[in-house]
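Encoded as structure tokens, the structure appears first; notes follow it.
The values are calculated or read from the model by the stated rules, or taken from the named source; none is laboratory data. As the structure is a prediction and not an experimental result, all values here were calculated from the model. In this analysis, Cβ positions are derived from the backbone assuming ideal geometry, glycine residues included, and neighbour counts consider all displayed protein chains. Side chains included, ligands, DNA and RNA excluded: accessible areas come from the protein's heavy atoms. Shrake-Rupley method; radii C 1.70, N 1.55, O 1.52, S 1.80 Å.
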Amino acid sequence: MSDALHIIQDPTLTYRQELVGLARLGESTDDTLRYSDAYYAAKKKGALCDLNEGVMPFRPRYICPDYELLFQKGCRFLELDPPTDLLEAVNVLEIFYCHVPSITTYPVYLGDLDKLLEPFVVKEDRDYAKKVLRLFLRNIDRVQTDSFVHADIGPEDTVTGRLLLELTEEMQLAVPNLTLRYDPERTSDDFALACVRCMLKTAKPSFANHRMFVGEWGERYAIASCYNGLSIGGGGYTLPRMRLYECSLDAKSPEDFLERELPRYIDLQLEYMDKRVKFIVEESSFFKTNFLVTEGFVKRENFIGMFGVVGLAECCNHLLGIEDKKKGFGMNEAATQLGVRIMDAIEKRVSEHVAPYCDAFDHHYRLHAQVGIDTDGMDDSPGTRIPIGVEPTMLEQLEVNEKFHPYFPTGTGDIFKFEETYLKTPDAILSIIKGSLANGLRYFSGYLENNDVVRVTGYLVKKSEIEKLRQKKQSLNQVTLYGMGAQDGGHALDRRVQHHEESAC
Amino acid sequence: MKRAPVNKIIPFSNVDGPGNRTSVFFQGCPFNCLFCHNPETIHLCRHCGVCVEKCPAGALTLDAQGQVRWDSGRCVQCDACIRLCPHDASPKVRWMTVEDVMGEIRRAAPYIGGVTTSGGECTLQNDFLIDLFTEVGKLGKTCLIDSNGSFDFERDPRVLAVSQGVMLDVKAVDPAWSDQLISYPRDTVLKNLDYLLRVGKLYEVRTVIFPDRDQENEATVRYVARHIGDGCNYKIIRYRPFGVREKYQKLLGEFTAEADYAEKYAQLARDLGAAKAYVV
Ligand code: SF4
Ligand code: SF4
């Protein structure tokens with residue numbers, strides 16, 4: 001059976017999912033972009049992975065339009081005037097979203113929704129504003145049917161932010177993904193606690209370390225897709241990843257890995273990125289003719305290449321001959337220290353490489369702790385995470401995270417699963433989040449055991465939707481399929497639950 | 001150097017006072033509550049050696065002085081020792097200095113609002129607590145005492161001076177029921193209830209509700225509710241057989257007290273003026 005026929009006959013694919021699949025297939029027939037033999041060998045081995053980005057990049061992977069500009073100037077191409085009230089604002093966004101490309105074909109960044117809509121919301125009656133926002137969110141969930149669609153709120157408390165939280169809880173939708181940009185001085189405890197409560201019940205928002213991101217990107221940064229830090233009015237060209245466990249398989253020792261294998265693979269991934277970035281900029285039409293570019297909603301100089309890694313834990317364990325994961329990376333000082341040395345080496349080599357078309361970032365790519373894909377199974381844990389099932393206490397897990405999160409301006413994060421009593425004590429979670437962000441954690445996600453909407457590795461899915469796929473029915477959300485894979489192969493829903501322990505008396 | 005027997009330290013707890021707290025559990029308790037969920041915390045180890053050879057991991061040894069030694073690195077936390085111990089003790093107790101305990105608290109400090117000491121009965125370590133709380137206070141963190149009320153805080157208020165408050169168990173008010181349930185006269189407990197309330201150091205009171213003990217439950221709840229009013233939280237806790245010694249399970253019940261049954265007492269407490277009474 002041909003691949004095309006396979007797609008067309010798959011009962012679990014919606015029409016649009018088929019279309020995307022067929023487009024991918026079409027793209028894969030071209031071989032204009034060629035890489036070195038060494039690159040192909042590394043890819044075949046599984047040491048390098050292109051995340052199925054497609055052989056012919058015809059747009060950047062992630063695009064974060066400047067929606068403020070849209071609201072100021074309107075859009076000539078789409079014949080949209082600047083909105084004058086809430087209804088118009090929401091309508092302008094809904095239309096615009098449909099024309100923002102990405103690797104998933106859906107917009108991965110919807111804007112800082114609270115800031116964008118607040119001037120319009122405060123002019124309306126609260127109930128009316130809520131109703132409009134409810135329809136807006138419903139539109140997003142049913143039209144932008146992909147869990148990598150992401151909106152941001154915060155750091156300040158706003159009426160719009162509150163309404164979005166209320167609706168998120170009432171509607172229990174997997175789309176959009178949501179992040180609170182948290183700054184201890186600008187985010188009130190009251191608003192942060194409302195976010196914690198909402199997070200427990202709906203697995204969102206996650207908490208982003210606002211100060212850390214501002215330090216790296218300036219105020220105008222977006223959290224897009226899973227947890228990716230990018231520039232507003234820019235985005236990410238490409239995101240390939242080193243699968244560090246596979247990279248370590250031929251090394252004879254940690255030193256051998258650090259001196260020989262690691263630099264070799266880093267350079268191959270850089271070669272791949274350079275070629276793709278140049279191709280997107282120089283050959284494909286996106287940066288020449290797309291209205292997003294010609295009207296200034298994105299600028300080429302605000303794009304960056306994202307250098308991804310996964311499987312640091314398994315890599316360190318393998319190099320040190322640790323077979324029992326329970327005694328490995330995250331629980332074992334030597335393994336964790338080796339992890340630091342490896343990340344130092346990757347960071348150094350990548351920052352020494354002069355990257356094409358990354359003008360706003362000193363001509364360098366930035367690191368990304370890739371969250372894993374469903375086919376990774378248990379070989380490579382997401383980014384620098386401790387493998388699922390052997391997590392130590394939450395305190396120890398946070399301490400390990402805090403060591404590694406600063407390496408990744410283009411995104412990393414960890415997820416914690418809480419049990420019911422935390423619903424009554426959101427202040428306990430806020431206290432943990434505050435401490436951890438102050439200590440270098442970049443991104444914190446949490447959810448309650450037994451919820452329907454759950455966070456898999458970075459994105460959200462509904463457990464009930466996974467069930468649909470198992471019964472060979474269609475799921476509107478194209479990410480549900482990854483969720484099922486991650487649940488089966490990576491046991492991604494089995495992470496340690498933060499329990500309260502029975503007190504002694 | 002002062003040392004105290006520590007049963008365990010939980011770096012993050014959301015059930016031992018407000019916010020996220022580090023809980024320090026000390027070994028040893030003057031009560032012997034029938035419903036104790038962790039009877040292995042009641043007594044100090046007598047070094048009888050019974051548990052030593054039964055440890056499947058070789059984590060327990062008798063040293064030259066005849067003292068039991070516990071190797072935490074080898075221990076696989078199977079709790080066989082605890083189940084076998086004929087003396088309601090545990091060999092897994094660490095005799096720690098204030099600095100030892102502070103080491104663990106400092107590590108958790110960025111993430112917590114404070115520290116709660118518990119047990120066993122932490123006030124048996126009164127002098128240790130005073131030093132510990134003084135150090136914790138320097139970190140800008142609060143200190144709460146989780147107590148069974150056997151220590152007379154009025155007679156020696158030093159520890160209160162360095163702590164923010166007490167979470168007090170009032171388990172039984174009826175004298176006969178008290179003697180049976182906790183093997184201890186309840187007078188000091190009730191005296192503490194009034195005193196702590198008076199000096200503004202009562203953070204919460206807890207009472208366990210037992211299945212089918214209408215009279216006893218009601219006497220306790222009425223007494224507490226009348227005394228505390230809306231002055232502090234009142235947690236009504238459902239009896240759970242989990243961890244309770246078998247012989248006492250037979251006496252008290254092999255089932256968890258029904259939620260509705262417990263709620264009845266929370267409502268009674270609220271009707272009597274204890275506005276912050278709720279079931280957990
Ligand atoms: S813990 Fe119990 S059984 Fe073991 S030596 Fe001490 S008293 Fe004996
Ligand atoms: S819990 Fe007790 S019996 Fe079990 S390994 Fe540890 S010391 Fe040994």
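The mean sequence separation of alpha-carbon pairs under 8 Å and at least six residues apart, normalised by the residue count of chain A, gives a relative contact order of 17 percent. With the Kirkwood sum run over all distinct C-alpha pairs, the range B:77-226 has a hydrodynamic radius of 17.1 Å.
The phi-based Karplus calculation (6.51 cos²θ - 1.76 cosθ + 1.60; θ = phi - 60°) puts the 3J(HN,Hα) values of the range A:329-342 at 2, x, 10, 10, 4, 5, 5, 5, 4, 4, x, 5, 5, 5 Hz, whole numbers, x for Gly and Pro.
Take the range A:346-440 with all the other protein chains still there, run a 1.4 Å probe, and you get 32 Å² of accessible area per residue. Per-residue ellipticity at 222 nm computed for chain A from its helices equals -12500 deg cm²/dmol, with DSSP H segments shorter than 4 residues left out and the rest contributing -39,500 (n - 2.57).
Using a 1.4 Å probe, what is the accessible area per residue for the range A:134-263, in Å²?
28 Å²
Shown here are the Rg and Dmax of the Cα trace of the range A:288-343, at 20.2, 55 Å.
With a cut-off of 8 Å between alpha carbons and a minimum separation of six or more residues, what is the relative contact order of the range B:45-91 in percent?
It rounds to 41 percent for the range B:45-91.
For the listed peptides A:366-372, B:262-268, a ranking on the average number of other beta carbons within 10 Å per residue, highest first, reads A:366-372, B:262-268. Between the beta carbons of A:Lys73 and A:Thr14, assuming R0 = 25 Å, the FRET efficiency works out to 0.10 to the nearest 0.05. A simple charge model with +1 on the Cβ of Lys and Arg, -1 on the Cβ of Asp and Glu and nothing else charged puts the dipole of chain A at about 600 debye relative to its Cα centre.
Pairs of Cα atoms under 8 Å, at least six residues apart: use those to get the relative contact order of chain B, whole percent.
On the way: 567 pairs, mean separation 48.7, N = 280.
Worked out over chain B, it gives 17 percent.
Over all pairs of different C-alpha atoms in chain B, the reciprocal of the mean inverse distance, the Kirkwood hydrodynamic radius, equals 19.7 Å.
Give the calculated FRET efficiency between A:Glu467 and A:Lys252 to the nearest 0.05, with a Förster radius of 35 Å applied to their Cβ-Cβ distance. Computed FRET efficiency for A:Glu467 and A:Lys252: 0.15.
If only the Cβ of Lys and Arg carry +1 and only the Cβ of Asp and Glu carry -1, the dipole of the range B:132-266 around its Cα centre is close to 400 debye.
Nearest 20 debye, what's the magnitude of the dipole of the range A:68-150 about its Cα centre given +1 on Lys and Arg Cβ and -1 on Asp and Glu Cβ?
Numbers: 10 positive and 14 negative charges, 30 e Å.
Its charge dipole is roughly 140 debye.
Here the 3J(HN,Hα) profile of the range A:273-290, calculated from phi with Karplus coefficients 6.51, -1.76 and 1.60 at θ = phi - 60°, is 5, 4, 5, 5, 4, 4, 5, 4, 6, 8, 9, 6, 7, 3, 6, 9, 10, 5 Hz, Gly and Pro shown as x.
DSSP bridge analysis restricted to the protein assembly as shown gives an antiparallel fraction near 35%, rounded to the nearest 5. Computed from the Cα positions only, the extents of the range B:45-91 along the three principal axes stand at 24, 22, 14 Å, in decreasing order. Ligands, DNA and RNA left out, the accessible area of the range B:123-263 computed with a 1.4 Å probe is 48% carbon and sulfur.
Accessible surface comparison of A:His318, A:His353, probe 1.4 Å, protein chains only, largest first: the order is A:His318, A:His353. What a 1.4 Å probe finds exposed on chain A is 51% carbon and sulfur by accessible area, rounded to a whole percent. For the range A:217-366, the direction-averaged projected area of the alpha-carbon convex hull comes to 9.9 nm². Between A:Thr29 and A:Glu156, the C-beta separation translates, for a Förster distance of 60 Å, into a calculated FRET efficiency of about 0.75.
Each residue, B:Ile237 and A:Leu193, gets one label point 7 Å from its Cα in the Cβ direction; the gap between the two is 2.4 nm. Karplus-based coupling profile of the range A:386-402, in residue order and whole Hz: 6, x, 4, x, 10, 4, x, 4, 4, 4, 5, 5, 5, 4, 5, 4, 4, with θ = phi - 60° in 6.51 cos²θ - 1.76 cosθ + 1.60 and x standing for Gly or Pro. For the protein assembly as shown, the residue among B:Met167, A:Asn332, B:Phe12 whose Cα projects farthest onto the positive side of the dipole built from Cβ charges is B:Met167. Solvent-accessible area per residue in the range B:234-275 equals 57 Å², computed with a 1.4 angstrom probe and all protein chains kept. Calculated from the alpha-carbon coordinates, the range A:60-100 shows an Rg and a Dmax of 10.1, 32 Å respectively.
Annotation: the antiparallel percentage among DSSP beta bridges lying fully within chain B is about 30.
By the equivalent-ellipsoid construction on the alpha carbon gyration tensor, the protein assembly as shown comes out with semi-axes of 53, 32, 23 Å, ordered largest to smallest.
Go ahead and collect, in residue order, the members of the range A:417-458 whose backbone nitrogen is under 17 Å from a label point 7 Å along the Cα-Cβ direction of B:Ala259. Under 17 Å, as judged by backbone N against the label point of B:Ala259, lie A:419-425, A:449-451 of the range A:417-458.
Quick one: which of A:60-67, B:4-11 comes out on top by average Cβ neighbours within 10 Å, and what's the full order, highest first?
On the way: A:60-67: 27.5, B:4-11: 21.2.
Order by mean packing, descending: A:60-67, B:4-11.
Look at the stretch B:117-123: the mean tally of other chain Cβ atoms within 10 Å of its residues' Cβ atoms is 2. Modelled label positions at B:Lys2 and B:Lys54, each set 7 Å beyond Cα in the direction of Cβ, lie 3.5 nm from each other.
Sort B:Trp95, A:Trp217 by heavy-atom solvent-accessible area, probe 1.4 angstrom, most to least. It would help to have the intermediate numbers written out before the result.
Values: B:Trp95 135, A:Trp217 25 Å².
Of B:Trp95, A:Trp217, the descending order of accessible area is B:Trp95, A:Trp217.
Summed over both chains, the contact between B and A buries some 2100 Å² of accessible surface at a probe radius of 1.4 Å.
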